[in-house]
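> Mind looking over this structure? Questions follow.
The values are calculated or read from the model by the stated rules, or taken from the named source; none is laboratory data. Everything numeric here is computed off the predicted structure, so don't read it as measured data. Cβ: placed from backbone, ideal geometry, glycine included. Neighbour counts: every protein chain shown. Note: accessible area is taken over every heavy atom of the protein model, side chains too, but ligands, DNA and RNA are not part of it. Shrake-Rupley method; radii C 1.70, N 1.55, O 1.52, S 1.80 Å.
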Amino acid sequence: MAAFLGTVRCAPGVARLAPCGRRFRVSGPVVPLRRRGSSPYRLRSRASLNTSAEDAGGMGREGGSDSEIIFMGTGTSEGIPRVSCLTNPSKKCPVCSKAIEPGNKNRRLNTSILIRYHGPTGKCNILIDAGKFFYQSALRWFPAYGIRTIDAVIITHSHADAIGGLDDLRDWTNNVQPHIPIYVANRDFEVMKKTHYYLVDTSGIIPGAAVSELQFNIIQEEPFVVNDLQITPLPVWHGQGYRSLGFRFGKVCYISDVSEIPEETYPLLRDCDILIMDALRPDRSSSTHFGLPRALEEVRKIQPKRTLFTGMMHLMDHEAVNEDLKKLLEMEGIDVQLSYDGLRIPIML
Ligand SMILES: [Zn+2]
Ligand SMILES: [Zn+2]
């Protein structure tokens, strides 16, 4: 058993090792939540909904939906525009030069979404990933959409564009709420012990110094529950031999970093209303990400009702690519578009 200091526990679904506190040990695996005959995808219990216009903050605007997702970021790791494109004296990058315009949909920060729904104690905000540009994303969208708390952060993998913003969560735990639960696979937690050692082992913090107060919950590749919302990990490859997790909640599937979907993950993608899928570049895949042609192949195989691509680099021009993708709706009946930072989609949970 690994022994170290910090706030660590198993994800709900297993007996918790101890009440929330400062010093714990990591222990055994999370027990799968799925019971025989039950759907792995449902919100386990539904709080009564009483959305006023002010309370809703835009939630519930379409088709009786009581929940929504907000795209906090839809770009590749370095962000769009690239600084190097803007300083290149010999070549003007068409996408990056558009992306500097305020409100332009080519302006993209690190991939991340926020799930908003009515949980057991009111509105819940669950963030998937807090990468390098998390602060800038939150600065843009939290005040604009009236988002105050972060009720949990779920981690897809431990690259810098997924976990680089953990330190910035200190503003919330210092000023908004006492702590933030982090849900993370053990392999990625092992990385965090190195990259964010002072957030994992808080014993060395000078009294009075204010760092993010994080509670680490170790997840397996099995469904788990966060504030009554059942989340199903979607294991994928993100480069050869490197695992990343997508997540399913309700009929929404989110896969931000993928180069290969293992056969055993496809059944978890069945009956999907909204697929959010990695599509790095327009022409080909890289060793770690789907390109657009491969992403479209996967869409044809998975057959979701609607697809939004994410994780785009600067070769993906929002308007031009979306115009091309629109044709697929007429030609093949496939509803696919690029997402953009700040996009809000009502969802049913
Ligand atoms: Zn560029
Ligand atoms: Zn990555």
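> Is the C-alpha gyration tensor of segment 278-349 telling us rounded, prolate or oblate? Criteria: a/c under 1.5 is rounded; beyond that, a/b larger than b/c is prolate, otherwise oblate.
Judged from the Cα gyration tensor, segment 278-349 comes out rounded (a/c under 1.5).
> Keeping all protein chains in place and using 1.4 angstrom, which order do Asp168, Asp271 fall into by accessible surface area, from largest down?
Largest to smallest exposure gives the sequence Asp271, Asp168.
> Here's a follow-up. Rounded, prolate or oblate for segment 206-266? Axes are the square roots of the Cα gyration tensor eigenvalues, ordered a ≥ b ≥ c, and the cut-off for rounded is a/c under 1.5.
It comes out oblate by the Cα gyration axes.
> Among the listed pairs Lys123/Lys305; Lys105/Lys301; Lys98/Lys194, give every one whose C-alpha distance is greater than 30 Å.
Lys98/Lys194
> With a 10 Å radius around each residue's Cβ, average the other Cβ atoms per peptide and rank 211-219, 104-112, highest first.
Most protected by this proxy first, the peptides run 104-112, 211-219.
> Right, something else. Where both partners of a DSSP beta bridge lie in segment 73-156, what percent of those bridges are antiparallel, to the nearest 5?
70
> Quick one: if the Förster radius is 35 Å, what FRET efficiency do Lys194 and Arg284 give, using the C-beta to C-beta distance and rounding to 0.05?
E between Lys194 and Arg284, to the nearest 0.05, is 0.60.
> Principal axis extents for segment 117-266, Cα atoms only, whole Å, descending order, please.
Taking the Cα atoms of segment 117-266, the three principal extents are 49, 35, 26 Å.
> Now, a different point. Report the extension gain between Val225 and Arg187 in nm, rounded to one decimal, defined as 0.36 nm multiplied by the number of residues separating them, less their alpha carbon distance.
Gain in length upon complete extension: 11.7 nm.
> For a label point 7 Å from the Cα of Asp324 along Cα→C-beta, name the residues of segment 95-115 whose backbone N is under 17 Å from it.
95-96, 106
> Work out, step by step, the length gained on full extension between Glu263 and Asp171: first 0.36 nm times the residue separation, then minus their alpha carbon distance; give nm to one decimal.
29.0 nm
> At 1.4 Å probe size, with the rest of the protein present, what percent of the exposed accessible area of segment 213-349 is carbon and sulfur atoms?
C and S atoms contribute 49 percent here.
> Here's a follow-up. Percent relative contact order of segment 150-304, based on C-alpha pairs within less than 8 angstrom and at least six residues apart?
Taking the mean separation of contacting Cα pairs over the length of segment 150-304, I get 16 percent.
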